[in-house]
Amino acid sequence: MASRLVTACIMVVLASFVVFLIANTVPGDPVLAQLGDLAAANPAVVAAFRHRWGLDLPLWERYWIFLEGLTRGDFGESIASHRPVMQDIAEYGPATVELASVAFVLSLALGLPLGILAAVRRDSWIDNLARMISLVGVSAPTFWLAFVMLAVFYGALDWAPGPGRLDVAAFPPERLTGLLLLDTAWLGDWATFRDAAAHLVLPAVVLASSTLGLITRTTRAAMLDALSQDYVRVARAKGLLARTIVTGHALPNAMLPVVTLGGLAYANLLAGAVMTETVFSWPGLGRYTFRSAVAIDFPAIMAITVIVAALFVLVNLLVDMSYALLDPRTVKT
Amino acid sequence: MPEPAEHPLLAVRDLRTWFLADSGPIRAVDGVSFTLHAGETLGIVGESGSGKSVLAKSIMRLLDEPARIVGGDIMFRGRHLNQLGDAEIRQIRGREIAMVFQDPMTSLNPVLRIARQLVEAMTAHGRFTVAAARKRSIDLLRRMGVAAPDRAVRAYPHHFSGGMRQRVMLAMGFSNEPALLIADEPTTALDVTIQAQILDLLRDLNASLGTAVILISHDLGVIANVCSRVLVMYAGEVVEEGAPEDLLSDPRHPYTWALLHAAPRIDAPLDASERRLATIEGQPPDPRAWPAGCRFRARCPFAEARCAEPPPLSATGPTRAARCWITQDGSSLPPPPRRTAAPAAAAPSAPSAADSPVPMLRLAGVTKHFALARESLFAPPRMLRAVDGVDLDVFKGETVGLVGESGCGKSTLARLIARLHAPTSGTIAFDGQDITTASIAEMRPLRRRMQMIFQDPFASLNPRMTVGDILAGPIALHGLAGDPALRVAELLDLVGLAPAHAARYPHEFSGGQRQRISIARALAVGPELILADEPVSALDVNIQAQIINLMVDLQERLGLTYLFIAHDLAVVRHVCDRIVVLYLGRVMEIARAGDLFARPLHPYTAALIAAAPVPDPRIERSRRRVPMLGEPPSAIAPPSGCRFRTRCPIAAPLCAAEVPLLRPGADGQFVACHFPGAL
Ligand SMILES: Nc1ncnc2c1ncn2[C@@H]1O[C@H](COP(=O)(O)OP(=O)(O)O)[C@@H](O)[C@H]1O
Ligand code: SF4
Ligand code: SF4
Ligand SMILES: [Mg+2]
């Protein structure tokens, strides 16, 4: 376990190094992105700007400063917002966590039963439905889906509220965790809770679509595989109820690949909400990432890289740990 | 055998189970009738695809899609099983009829504890409370011979060997005291030693609990060991039925006759000058279109004009019946003609050290230790001693057999000789040349002279290449002269295939034909030594005989030398000049085939021989039983002194203290035992 953690940290640092190199070698200059044309034409202003943000230091020294900050959990100041990067992330992070978690729960709550039923009733209408949902979910482009949903359910039918986390007229609740559903529930502000929940529906459905497809597909395939195993035939020969065979014998085996996929899918939801957040004006990390990339905001880019890399490493670790719980054959290390 | 007055336990009448596939029905079981009385033991034999398992699954109503019972009736204790609803048949499964399957490695759910899997079998039918079922699981495991049953129930299946898992499966089968147990090839995946233990257990349970048993096997010896009545199936039908004493000494159906004569027996006289076995030609027929008339006609050596009409199953004696026109009058079939040996080629039939002083292959102190993953970061590294100090000479033109239980190092030894593994220590010399540390480039010219054949011909043939390309590959690789197309045709002819087969892909061939292809591929480069790792183990008896005959022919024509690995002792005894007995990576005994079986000097050899079943119930009953305890210990921490001592019935204190060296005994036999011949 200790050695796993060490490798995990090395992976994160390696990822940061790669991104640092790429960000510094692709064409693009924060000077042009931040300063107006007039200022950018003035060598004195440009030099002052470079000095202010440490861009005049040699590459290796800049990376060293970044690493040093990393050990203190300090990513420096954002070139675009002039605030500590951690403060930006604390502001935008909760919106993304809330959206991704709701999307994740949604895709699990629908995908697992759908995949299981599809495998048990193979080639029935529910299997066909499951196959259609996974095909559409996996292959429909997110931005297209987002626009269509917004146009239909907000524009045409007016069943759902528009973009943003809350109604423009609503007062945001006191910030406790930054997760609106939790904060409003804690404060007992049920009107705002309903408003926040209603705003979550469309973006969560859009974000969940591909994860839902993947989870349905994987659950179905894993269940079909488990149901075709010899031990299932043995279970039938014992005279067990069909229900017991599905939930007691096939399901625990089928969960192994689903857990792996689920972990990665959640990490992907957290890291990959750029498109959805942009269309729904969701003030989350996705949009922050997009903005930082356009602004070539080095400290912000590095912070996001480290956070995303750490997220994936952490998820892998959790997946491995749940494997050890679910599968007695895994050697405990 | 007088008919018992009471109703039979099970009466199957004209059962037809077909797979309703899109391409037309596959008539897997096609008109089978038999009865079984309470407490009776019935054996079902037949080659793979003859319908044995589908018959068993039809009784349990455990058929896979798209199988349907399309005709006939299954009557069990007054109920028509074929008409019962799902809920009713579920009451019978596991409660009144239990089933044990072939592969114990996959029959237990890997993520559930043994206790849970045993308990649910009992609680599902409401006969036991969970607490009572828990207690009973431990008793059952003890009854089945599982060591430390109270600990075993808490373990997961992956901690158990195949033999132990099959004991767990038997415990599960007997847990509700069923009236009938169906065992479908329960010992096929196990070693002979473990097979003998499981068959003993099955016989004993039948006698003490009165449970009727249907035992399915492709091995007549296994059936003769346990059953009081036999059905022989061919092409979805019963072709012969009767007591094993009658069927196996005087078969009345040519297929039974062929099965009996195609399998070598460990109690038959040996003749080193004629190793060919009696075989029937051809392949089993296609179940989509059974041949008209007698279904066995195309392969039958006795076929006549009237065989164009389908023969009925008719009595050939008071308690037996056969489906054949020519034995309808009660006559017997003649024994197979003795083949006259082909005029011996230049190769001497009985080579010895004197003929060729330099062995083709010499192994001295060869070891192979595999490093295993550590159990934790701070644990010491673990070594698996797969091969641990083997000395062996193989001379030109001889066939040396390698026997022993699975995991004893047979395959590893063959792979060391082929230098697919590098030995940990010791030396290997091929034709006088030391190849212990030979590089890939140095091995290249030797690969031409030394080829391997494997057990599973399908896994070793590239499915996307035609047979012609598969055979031409090695020819091109070694830059051999001549027209490759001609050579391919010549090779196909050599192994008994047609030149037209060159254009086909491996999946278009049967198992036996695929093994012919892999033999042809090995021969493509003109080797002198063939390392054959279980080349016939996955094949049906008759196909096995065909391949053995082919290998014997090729040896005579090409003067080949064979290292022949097999777990079937009768096969090894039949084809080999000398036999090496391995146990936990060490040689226990080396002897000429005849001597080894006539006078085994090592207790392990004696136990192996005693465990091999003979297809004759009279002989089985009178044979000496050599008790062999338990299962082989781990090769990670082998016992001190003699490795066999933990299972040896005559082990003495000396055996734990001192390693017995391989020493010459009588008649040029070599044995590693402190008390050779004492058992
Ligand atoms: N590559 C390998 N790594 C670790 N163990 C191995 C490897 N190959 C074989 N073994 C082990 O070596 C032992 C002997 O195996 P093998 O030569 O296959 O025996 P056999 O042919 O008699 O079945 C077994 O315990 C097997 O698990
Ligand atoms: S009926 Fe004819 S073809 Fe069939 S088994 Fe008998 S002799 Fe052979
Ligand atoms: S040395 Fe001892 S334990 Fe080993 S086989 Fe001989 S008698 Fe048995
Ligand atoms: Mg092997």
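The values are calculated or read from the model by the stated rules, or taken from the named source; none is laboratory data. Please read all numbers here as calculations on a predicted model, not as lab measurements. Note that each Cβ is placed from the backbone with ideal geometry, even for glycine, and that neighbours are counted across all protein chains shown. All accessible areas refer to the heavy atoms of the entire protein, side chains included, with ligands and DNA or RNA removed. Shrake-Rupley method; radii C 1.70, N 1.55, O 1.52, S 1.80 Å.
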Check: Within region B:652-675, restricting attention to residues that are within 17 Å of B:GLY594 (Cα to Cα), of a type outside the set (A, V, I, L, M, F, W, C) and outside any strand (DSSP E or B), which residue is modelled with the highest pLDDT?
Finding: B:GLN669
Next item on the list: Give the residue that is nearest to the chain's Cα centre (by Cα), with candidates limited to residues of region B:472-486 that are farther than 14 Å from B:ASN462 by Cβ and outside any loop (DSSP other than H, G, I, E, B).
Entry: B:ILE475
Margin query: Cβ-Cβ under 9 Å, sequence separation 6+ or interchain: first residue in region B:526-541 and assigned to a loop (DSSP other than H, G, I, E, B), partner more than 16 Å from ligand 4 (Cβ to nearest atom) and among the acidic types (Asp, Glu). Which pairs?
Written below: B:GLU528/B:ASP431; B:ASP540/B:GLU47
Check: Only one of A:ALA90, A:ALA100 is over 21 Å from A:VAL31 (Cβ atoms), in contact (Cβ under 8 Å) with a residue 24 or more places away in the chain and crowded, with 17+ Cβ neighbours inside 10 Å; which?
Finding: A:ALA100
Notebook entry, point to check: Would it be correct to say that A:THR216 is touching a residue at least 60 places away in the same chain (Cβ under 8 Å), hydroxyl-bearing (Ser, Thr, Tyr) and open to solvent by less than 10 Å² (accessible area, probe 1.4 Å)?
Noted result: yes
Item checked: Index of the failed condition, B:PRO380 passing every other in (1) more than 16 Å from ligand 4 (Cβ to nearest atom); (2) surrounded by 15 or more Cβ atoms within 10 Å (Cβ to Cβ); (3) over 30 Å from B:ILE543 (Cβ atoms) -> (2)
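In region B:452-471, which residues are in a loop (DSSP other than H, G, I, E, B) and either open to solvent by 30 Å² or more (accessible area, probe 1.4 Å) or polar (S, T, N, Q) (or both)?
Within region B:452-471, the subset in a loop (DSSP other than H, G, I, E, B) is B:454-466.
Result: B:PHE454, B:GLN455, B:ASP456, B:PHE458, B:ALA459, B:SER460, B:ASN462, B:PRO463, B:ARG464, B:MET465, B:THR466.
Residues are listed down the side, and each one gets a yes or a no for (1) modelled with pLDDT of 85 or more; (2) closer than 30 Å to B:PRO244 by Cβ; (3) within 16 Å of ligand 4 (Cβ to nearest atom); (4) part of a loop (DSSP other than H, G, I, E, B):
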site	(1), (2), (3), (4)
B:TRP325	yes, yes, no, yes
B:PRO334	yes, yes, no, yes
B:ARG339	no, yes, no, yes
B:ALA345	no, no, no, yes
B:ARG362	yes, no, no, no
B:ARG374	no, no, no, yes
B:LEU384	yes, no, yes, no
B:GLY389	yes, no, no, no
B:GLY401	yes, yes, yes, no
Note to self: Among (1) in a loop (DSSP other than H, G, I, E, B); (2) within 16 Å of ligand 4 (Cβ to nearest atom), there is one condition B:PHE564 misses while meeting the rest; what is its number?
What the structure shows: (1)
Notebook entry, point to check: open to solvent by 70 Å² or more (accessible area, probe 1.4 Å) and away from ligand 4 (no atom under 16 Å from the Cβ) - does that describe any residue in region B:270-278?
Noted result: yes
Item checked: Hey, B:SER217 out of contact with any Leu (no Cβ under 6 Å at 6 or more places or on another chain) and open to solvent by 10 Å² or more (accessible area, probe 1.4 Å) or not -> no
Note to self: Where the second residue is assigned to a loop (DSSP other than H, G, I, E, B) and of a type in the set (Gly, Ala, Ser) and the first is surrounded by 13 or more Cβ atoms within 10 Å (Cβ to Cβ) and lies in region A:160-179, which pairs have Cβ atoms under 6 Å and are six or more apart or on separate chains?
What the structure shows: A:PRO163/A:SER281; A:GLY164/A:SER281
Checklist line | Residue check for B:ALA591: assigned to a loop (DSSP other than H, G, I, E, B), in contact with an Asp or Glu (Cβ under 9 Å, 6 or more places away or on another chain), among the small types (Gly, Ala, Ser) and in contact (Cβ under 8 Å) with a residue 40 or more places away in the chain | finding: no
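Can you find a residue in region B:186-197 that is away from every other protein chain (no Cβ under 12 Å) and under 16 Å from B:ALA98 (Cα atoms)? Break it down into steps so the answer makes sense when it comes.
Step one: filter region B:186-197 for residues away from every other protein chain (no Cβ under 12 Å), giving B:186-188, B:190-197.
Checking the rest, the ones that are also under 16 Å from B:ALA98 (Cα atoms) come to B:186.
Looking through region B:186-197, at least one residue is away from every other protein chain (no Cβ under 12 Å) and under 16 Å from B:ALA98 (Cα atoms).
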Notebook entry, point to check: What number of residues in region B:532-547 are more than 13 Å from the chain's Cα centre (by Cα), within 16 Å of ligand 4 (Cβ to nearest atom) and open to solvent by 10 Å² or more (accessible area, probe 1.4 Å)?
Noted result: 1
Checklist line | Search result, residues across region B:242-259 that are open to solvent by less than 10 Å² (accessible area, probe 1.4 Å), more than 17 Å from B:THR279 (Cα to Cα) and in a helix (DSSP H, G or I) | finding: B:PRO244, B:LEU247
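Identify all residues within region B:170-192 that are more than 21 Å from B:ALA538 (Cβ to Cβ) and under 20 Å from the mean Cα position of the chain (by Cα); write none if there are none.
To start, the set of residues in region B:170-192 that are more than 21 Å from B:ALA538 (Cβ to Cβ) comprises B:170-182.
Answer for region B:170-192, where residues must be more than 21 Å from B:ALA538 (Cβ to Cβ) and under 20 Å from the mean Cα position of the chain (by Cα): just B:ILE182.
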Notebook entry, point to check: Just checking, which of B:GLY145, B:GLY126 is small (Gly, Ala, Ser), within 16 Å of B:LEU202 (Cβ to Cβ) and open to solvent by 40 Å² or more (accessible area, probe 1.4 Å)?
Noted result: B:GLY145
Check: Restricting the search to region B:598-649, which residues are of a type in the set (S, T, N, Q), within 16 Å of ligand 1 (Cβ to nearest atom) and under 21 Å from B:ARG265 (Cα atoms)?
Finding: B:THR605
Checklist line | strands (runs of 3 or more DSSP E) contained in region B:1-114 and holding at least 3 residues in contact (Cβ under 8 Å) with a residue 24 or more places away in the chain, surrounded by 15 or more Cβ atoms within 10 Å (Cβ to Cβ) and away from chain A (no Cβ under 14 Å) | finding: B:10-21, B:24-36, B:41-45, B:67-76
Margin query: I'd like the full set of residues that are open to solvent by 50 Å² or more (accessible area, probe 1.4 Å), within 14 Å of ligand 3 (Cβ to nearest atom) and either among the hydrophobic types (A, V, I, L, M, F, W, C) or out of contact with any helix residue (DSSP H, G or I) (no Cβ under 9 Å at 6 or more places or on another chain) (or both), limited to region B:620-649.
Written below: B:LEU629, B:THR646
Check: Among the listed residues B:ALA152, B:ALA133, B:ALA124, which satisfies the condition of being within 14 Å of another protein chain (Cβ to nearest Cβ), touching a helix residue (DSSP H, G or I) at 6+ places or on another chain (Cβ under 9 Å), over 27 Å from B:ILE216 (Cα atoms) and of a type in the set (A, V, I, L, M, F, W, C)?
Finding: B:ALA133
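Taking region A:143-169, which residues are assigned to a loop (DSSP other than H, G, I, E, B) and touching a helix residue (DSSP H, G or I) at 6+ places or on another chain (Cβ under 9 Å)?
Those that are assigned to a loop (DSSP other than H, G, I, E, B) and touching a helix residue (DSSP H, G or I) at 6+ places or on another chain (Cβ under 9 Å): A:TRP159, A:ALA160, A:PRO161, A:GLY162, A:PRO163, A:GLY164, A:ARG165, A:LEU166, A:ASP167.
Return yes or no: is A:TYR323 in contact with a helix residue (DSSP H, G or I) (Cβ under 9 Å, 6 or more places away or on another chain), within 14 Å of another protein chain (Cβ to nearest Cβ) and aromatic (Phe, Trp, Tyr)? Steps first, please.
Working: in contact with a helix residue (DSSP H, G or I) (Cβ under 9 Å, 6 or more places away or on another chain): yes; within 14 Å of another protein chain (Cβ to nearest Cβ): yes; aromatic (Phe, Trp, Tyr): yes.
So A:TYR323 passes the test.
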Note to self: Out of everything in region B:421-435 that is hydroxyl-bearing (Ser, Thr, Tyr) and more than 17 Å from B:VAL358 (Cβ to Cβ), what residue ends up being surrounded by the most Cβ atoms within 10 Å (Cβ to Cβ)?
What the structure shows: B:THR424
